[in-house]
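Report on the structure given below.
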Amino acid sequence: MNIPTDYQFSFNTNNAEKKIKKMFGPFPSTAQYAIKHKEEKHTSESWGEWTLKSFPDNNHTGYFSTSSGLGVGVALLKNGIPVMSQTPLELESHLVAQHSAKGRVVVAGLGLAMITLSLLKKKEITSLTVLEIDNEIISMFPSILTGESNKLWTDNIKTGRLKIIQTDCKLPFNNDILKQIGKVDYLWADIWNELCSTEALSITQNLSNQLKPTQCDFWGAEIEIALKTLKQGKYMCLKTFKEVAHGFNLPLSILSMDGKKLKMYAELSLVAAKNTYQQEKLANTKKLSVTI
């Protein structure tokens with residue numbers, strides 16, 4: 001993975017990254033974007049309402065980490081508003097998807113295709129279908145990619161292992177869309193711009209009810225579970241933590257966890273909630289986006 005070796009995590013123990021990898025496997029790999037490899041330090045390109053830009057990315061808090069940075073980040077904006085970025089926060093917050101996805105996978109939301117490209121490297125994934133509403137975003141690929149990422153995209157589109165379907169994930173799917181998607185082993189939902197979106201859970205439940213995946217997760221689920229458990233005053237009671245997740249009425253990855261893996265997931269969830277709160281507080285102070 002293309003993560004700096006000086007990554008630091010919010011744990012009261014050494015070798016945190018090593019321990020996380022041992023339990024959950026590696027974090028998603030970074031994608032290669034043409035804009036990031038241009039000689040200019042600050043570059044941008046536009047497609048209609050959408051803009052792709054590069055920016056300095058150093059020394060800030062990630063999803064789990066306390067001091068992180070990729071050197072150069074990449075962001076996707078709509079009418080000047082950040083929608084997604086390739087930063088440590090994004091990479092770390094997709095850990096569960098990277099760990100759990102296998103078989104026939106559906107990703108709701110294309111964005112920068114960071115997690116899509118990372119998952120395509122997993123041999124356990126037999127097919128990957130991306131659901132995206134915006135045709136302008138779809139049309140950007142693979143021209144915005146370079147090197148290995150461009151080849152990975154092109155090769156998998158050609159073989160049919162990767163399929164992009166233009167559709168609105170907030171509306172009921174018609175029979176034609178459902179037929180194109182087929183059986184789903186794993187669903188990852190991420191079509192909202194900010195963590196802790198009030199519609200995240202309901203969108204994922206709607207998708208799950210229609211696609212009936214064997215297992216599914218959504219962006220920011222760790223924070224949702226941690227906050228709801230904290231309200232009950234029993235955060236470190238793993239039984240309660242799992243009961244809260246069960247109440248989401250989704251086949252979440254956490255429901256298959258127990259022992260050390262469940263304990264680490266609970267710890268990571270609390271760290272993510274704390275780090276996100278601190279970043280939002282800083283963002284509100286500086287009037288900056290949380291993700292870039």
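None of the figures in this text is laboratory data; all of them are computed from the coordinates on show. Since we're looking at a predicted model, the values are computed, not measured. Virtual Cβ from ideal backbone geometry, glycine too; neighbours counted across all protein chains shown.
Which longest run of the chain has no exposed loop site in it, a site being trypsin sites (Lys or Arg not before Pro) in a DSSP loop with at most 10 other beta carbons within 10 Å, and the site itself not part of the run? Don't skip to the answer; put the middle values down first.
On the way: sites that count: Lys41, Lys123, Lys287.
The longest such stretch corresponds to 124-286.
Restricting to the range 8-286, compute how many DSSP beta bridges are antiparallel as a %, nearest 5. It would help to have the intermediate numbers written out before the result.
Numbers: 21 of 40 bridges.
Here the antiparallel bridges make up roughly 50 percent for the range 8-286.
Could you check which residue among Val72, Val107, Val96 shows the biggest mean-square fluctuation in a GNM of the chain with a 10 Å Cα cutoff?
Val72
Which value in deg cm²/dmol, rounded to the nearest 500, describes the helix-derived mean residue ellipticity at 222 nm for the chain, given -39,500 (n - 2.57) per DSSP H run of n ≥ 4 and division by the residue count? Display every interim value, and only then the final one.
Working: 11 runs with 112 residues, N = 292.
Only helices count here, giving -11500 deg cm²/dmol.
What list do you get for Leu250, Leu255 if you sort them by fewest beta carbons within 10 Å?
Details: Leu250 24, Leu255 14.
Listing Leu250, Leu255 from fewest to most nearby Cβ atoms yields Leu255, Leu250.
May I ask for the Rg/Rh ratio of the chain, computed from Cα atoms with Rh as the Kirkwood radius, given to two decimals? Each step should come with its number before you reach the end.
Numbers: Rg = 18.3 Å, Rh = 19.5 Å.
Taking Rh as the inverse mean 1/r over Cα pairs, Rg/Rh reads 0.94.
Could you list Asp190, Asp176 in order of exposure, starting from the residue whose Cβ has the fewest other Cβ atoms within 10 Å?
So the residues, fewest neighbours to most, are Asp176, Asp190.
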